[in-house]
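Structure first, then comments.
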Amino acid sequence: MLLKRQKDLIAYLEKQNGEVSGNELAKFFGVSDRTIRSDIQKINSFYNTEKIIGNRKGYYLNPQKCQNIRSTTLPQTSQERTIYILRKALFDGFVELYDISDELYVSNIVIEQDIKKLQETLEPLQLKILRKDNKYYLEGNEEDKRKLFRHLLEKETKDSFLNIDKLSTIFINFDLIRVQEIFDKLIEEYNFKFNGIAYQLVLIHIGIALERIYNGYYIYQTPQVNLKYLGKEANIAKKLFEEVGDLLGCKIPEQEVVAFALLLLGNKVSSKTYEINLVEIEKFCEKGIQHLNNEFQINLICDDELRIGLSLHLASMLERLSHKVGVRNVLLEEIKRNYPLTFEMAIKFSDLISKEFNLEISENEIGFIALHLGVGYERQNKSNKYNVLIVHPYENAFGNSMVSKIRHHFDDRLIIVDLLNYVEMEDLEKLNLDFIISTIDLNLNIPTVVISPSFNTYDLDRLNKHIKNLDQISVKEEIKKNLSNFFDSRFFFKDITLENSQKIIKFLCNQLEKGGIVDKGFLESVLIREEISPTSFEQFFAVPHPMEFSANETKVAIAILKRPIQWGNYSVKLVMLFAVKKEHRKYIKTLYAMISDVLLQKETFEQLIYCEDCNDFISVFFNV
């Protein structure tokens, strides 16, 4: 195990542009030259390779060998520091100004500036950073703090948020993989069924709950619910927390057990029915999926797994609602933020349920339906495969093992055209490749992802990011080609001072109506949609739109507010109201991809809100 000084030595060298002399290092750390040499020797011995190289000028990190030490290094950028500070505040209870300054090798002023930036991040989560003397405390209830933890996990894991193997390396106080094994055994024992992404999100919820419980933070309010409706779910939750409590060396309070049982209830698949048989419910779901296909031009009709999963979930939900048992969906905000299109589809589907069964469907229930639709949508999206060539000039045994791992992780996204020891351009031109995966650097005019022969976690992330970039390039090309004419200077408004969301919606709808873009019923439809679930996001923007695609033309009305206003749970500075012509509903997927690719990027968003006219806005928007 490395000493703190040795970890700090790695962090210090990582921040330098060149060699640092042994004498300079000794002065910085207040030790002798000999101690520095001894520390470097121990670091290299610990990693069983030459992580730190020494020459006549001094010492520096070996760029080829420093991947595996990232977990021991310290944050460099302001964003990395704020995440680091938040994690300490979450789990230590406070952050001491002078200690954190010394720990991160920055001044007190820099830390104070970072903490000021945090206030904006925390405001939508109903949390605050308060200062008392030289200590900063995170104030808010436990459920909101767990939301913050999920938010931090997303930032830290980026594209691997649902990768359980990657997440298991972040939970440091227990083995998430072992917890997963216990959970899998219990849901098998009780024949409890999940669909795709719902299982992964629930497992992440378990990890977050355990990490907080381990550090002594609990949910204290017990939901008021008749436990006789939580029989199977209560048993699973109780046994799970008994076993993992033994792993953590602590007893988990009953409030946590009840909260988790309710989460399971919201995600269960049931074989029971609600006054009509399951066959009729399945017919209804088939009709609903057909309606979604007509509305969104997303063909999920042939997805038998989705139809059956939705039918079973709907039977369970109707049973729950018939007994007036409501559940809170703790994953709701994550679903809305990460899967806005499928959440919108779920609203349409829920509207059909309301009319068919004369029931009011809550936003929490809509979120659960979105999970099922999201799984089907992901299955459809993954049908788009890329042709790749793998180049590996070493032993075939290593190459075969590497190919097996790549196939295991990317069978639904990649077609491996061939595995070669060397390449020639003439041969490549015949293969119609999208990119190359290689264990060596290749000077070719074809995109190449360089990986290690062992294909480790970093290689997995690298390939995931490259595939996502290819997906985004395709989306951006479609955006530029088809959507730029949806922006119109007549519907661009700067420095709007209206004080609430309803007035802003009315203003934009009236402008669209005056321009002949929409008819009178458009405003009412937008307000109905907004009442079901606010269309605001935590990144200071909102995208209001009607329930139906009923515009005479497709246009985006833009309002940049002079001051942020409260919109649902979030503050909003930028509003983009979509009016979509029925014939253009095929572009709805691209519109939502646009939301993710553009508005969720902080730097781009900040440029957009300072645009003075529509042309500036378009220029920034379509050059991301």
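The values are calculated or read from the model by the stated rules, or taken from the named source; none is laboratory data. Keep in mind it's a predicted model, so treat the numbers as computed, not measured. FYI the Cβ positions are ideal-geometry reconstructions off the backbone, even for glycines, and counts take in every protein chain you see. Surface areas here come from the heavy atoms of the whole protein model, side chains and all, with no ligands, DNA or RNA. Shrake-Rupley method; radii C 1.70, N 1.55, O 1.52, S 1.80 Å.
Observations, loosely collected:
- Close pairs (7 angstrom Cβ cut-off, 6 or more residues apart or separate chains): under 11 Å from residue 489 (Cβ atoms) in region 606-618, of a type outside the set (D, E, K, R) and in a loop (DSSP other than H, G, I, E, B) anywhere: 617/611
- Residue list for region 408-420, restricted to those being closer than 16 Å to residue 466 by Cα, among the charged types (D, E, K, R) and open to solvent by 60 Å² or more (accessible area, probe 1.4 Å): 411
- Residue count for region 534-545, restricted to those that are at pLDDT below 90 and either part of a loop (DSSP other than H, G, I, E, B) or surrounded by fewer than 21 Cβ atoms within 10 Å (Cβ to Cβ) (or both): 3
- Residues that are closer than 22 Å to residue 615 by Cα and crowded, with 19+ Cβ neighbours inside 10 Å within region 546-559 comprise 554, 555, 556, 557, 558, 559, listed in sequence order.
- The set of residues from region 434-467 being open to solvent by less than 30 Å² (accessible area, probe 1.4 Å) and touching a residue at least 24 places away in the same chain (Cβ under 8 Å) comprises 435, 436, 437, 438, 439, 451, 455, 460, 461, 463, 467.
- Residue among 194, 161 that is at pLDDT below 80, among the aromatic types (Phe, Trp, Tyr) and within 17 Å of the chain's Cα centre (by Cα): 161
- Scanning region 10-48 for residues that are open to solvent by 70 Å² or more (accessible area, probe 1.4 Å) and aromatic (Phe, Trp, Tyr), we see that the one that is farthest from residue 75 (Cα to Cα) is 46.
- Scanning region 1-50 for residues that are among the acidic types (Asp, Glu) and in a helix (DSSP H, G or I) gives 8, 14, 24, 33, 39.
- Considering region 272-331, the residues that are closer than 18 Å to residue 192 by Cα and open to solvent by 60 Å² or more (accessible area, probe 1.4 Å) include one that is modelled with the highest pLDDT, namely 308.
- Flag if residue 119 is open to solvent by 20 Å² or more (accessible area, probe 1.4 Å), assigned to a helix (DSSP H, G or I) and more than 29 Å from residue 28 (Cβ to Cβ): yes
- Residue selected from region 51-64 under the condition over 18 Å from residue 3 (Cα atoms) and in a loop (DSSP other than H, G, I, E, B), by the criterion least open to solvent (accessible area, probe 1.4 Å): 58
- Selection status of residue 472, open to solvent by less than 70 Å² (accessible area, probe 1.4 Å) and modelled with pLDDT of 95 or more: no
- Subset of region 513-533 that is more than 32 Å from the chain's Cα centre (by Cα), at negative phi and small (Gly, Ala, Ser) - its residue that is most open to solvent (accessible area, probe 1.4 Å): 521
- Here is the figure for region 560-576: residues that are outside any loop (DSSP other than H, G, I, E, B) and within 23 Å of the chain's Cα centre (by Cα) total 8.
- Of residues in region 360-392 being open to solvent by 50 Å² or more (accessible area, probe 1.4 Å), in a loop (DSSP other than H, G, I, E, B) and over 30 Å from residue 321 (Cα atoms), the one modelled with the lowest pLDDT: 383
- Restricting region 423-433 to residues that are part of a loop (DSSP other than H, G, I, E, B) and surrounded by 10 or more Cβ atoms within 10 Å (Cβ to Cβ), the residue that is modelled with the lowest pLDDT is 423.
- Pairing each residue of region 14-37 that is within 11 Å of residue 60 (Cβ to Cβ) with any residue that is aromatic (Phe, Trp, Tyr), provided the two are 6+ apart or on different chains, yields C-beta distances under 6 Å for 19/60; 20/59.
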